[in-house]
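Each remark here refers to the structure printed beneath this line.
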Amino acid sequence: MRAELQELLTNAEKTHCIACSACLLGICCRYDGQSKNAGSGLIEVLLKRPVRPSSGPFPVRKLFQQAMRRPDVRLPDPAPILDEMLARGVHPICPELFGCLSCPRLPADFHGGDGQALLGQNAVLIDRAGRDVSQQFLDGARNTLEALAGFGITLAILKEGSPSCGVRRVQCSGVKIPGEGVTSVLLARAGIRRLTEEDFSQDS
Ligand code: SF4
């Protein structure tokens, strides 16, 4: 991992609080029921952030707890990871769980554009079974933003390529295109700087 990014993550004065795609932190919330190891020591670096006095309750914790109570969500208890991260000002997010999608779930593709287009009602998200899941993705994005409000989040580390979290590319009609996920767009509109796991894997 590049030294300046490592410094950015561990310097709690520069980045008061951080949001991070939960799947990059070892929470098995991806569509296939797996996590996505960033492969760059991201978790280890985040664990070097100083533990701070609790400023909870944390809305993201409540959203995970609500998801875990649903019968269509099967993932190992994320509480230990949530505790470790929230104590250090890192808020794990999974907009697709927060939008009431199941886990595991079928993958979904944009049709007509990316997250910007979806928010402008010029695109839709369709899952592999042909169901329109646009509303769940929009709900998840808005619930995520609401859960992060008031915590002084300045930086988000997001999973590249995801229809929710992608920053530079997404999948549209089966093809990778330059574009942004729907939650990623709302985070940017809120003034939050976005990086992806790919920024951390360069020169690691
Ligand atoms: S919505 Fe984001 S955090 Fe959740 S599994 Fe997809 S990429 Fe990871």
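Would you kindly calculate the translational diffusion coefficient of the range 107-195, applying Stokes-Einstein with the Kirkwood radius from alpha carbon pairs, for 4 °C and a viscosity of 1.567 mPa s, and quote it in µm² s⁻¹ without decimals?
The Stokes-Einstein estimate is 101 µm²/s.
Residue by residue through the range 15-24, what is 3J(HN,Hα) from phi via Karplus (6.51 cos²θ - 1.76 cosθ + 1.60, θ = phi - 60°)? Round to whole Hz and write x for glycine and proline.
10, 3, 9, 10, 9, 8, 3, 4, 5, 7
Show the residues, 5+ positions off or on another chain, whose built amide H is closer than 5 Å to the amide H of Arg194.
Close amide H contacts, sequence-distant or interchain: Ala156.
Choose one answer from Ala19, Ala141, Ala123: the residue with the largest mean-square fluctuation in a GNM of the chain with alpha-carbon springs under 10 Å.
Ranking Ala19, Ala141, Ala123 by mean-square fluctuation puts Ala123 first.
Please report the equivalent ellipsoid semi-axes of the range 21-134, computed as sqrt(5 x eigenvalue) of the Cα gyration tensor, largest first, in whole Å.
Numbers: eigenvalues 157, 49, 40 Å².
Square roots of five times the eigenvalues give 28, 16, 14 Å.
Calculate how many DSSP beta bridges within the chain are antiparallel, expressed in % of all such bridges and rounded to the nearest 5.
Numbers: 9 of 23 bridges.
Antiparallel bridges: around 40 percent, rounded to the nearest 5.
Using θ = phi - 60° and the Karplus curve 6.51 cos²θ - 1.76 cosθ + 1.60, what whole-Hz ³J(HN,Hα) does each residue of the range 112-124 get, with Gly and Pro shown as x?
Each residue of the range 112-124 in turn: x, x, 10, x, 4, 5, 4, 5, x, 6, 10, 8, 9 Hz.
Can you pull a Stokes-Einstein diffusion coefficient for the chain at 20 °C (1.002 mPa s), Rh from Kirkwood over Cα pairs, as a whole number of µm²/s?
Working: Rh = 16.8 Å.
My calculation gives 128 µm²/s for D.
Anything over 24 Å Cα to Cα? Flag those among Lys48/Lys176; Lys14/Lys62; Lys14/Lys36; Lys36/Lys62, in the order listed.
Values: Lys48/Lys176 35 Å; Lys14/Lys62 27 Å; Lys14/Lys36 26 Å; Lys36/Lys62 22 Å.
In this structure, Lys48/Lys176; Lys14/Lys62; Lys14/Lys36 exceed 24 Å between Cα atoms.
Could you state the number of Å between the C-alpha centres of the range 11-55 and the range 138-204?
After rounding, the separation between the Cα centres reads 14 Å.
Starting from the amide H of Gly26, placed 1.01 Å from N in the peptide plane, find each other amide H under 5 Å away whose residue is 5 or more places distant or on another chain.
Amide H neighbours of Gly26: Lys36.
Rule-based calculations on the coordinates, nothing more; no lab input. The shown structure was predicted, so the numbers you read here are calculated from the model rather than taken from an experiment.
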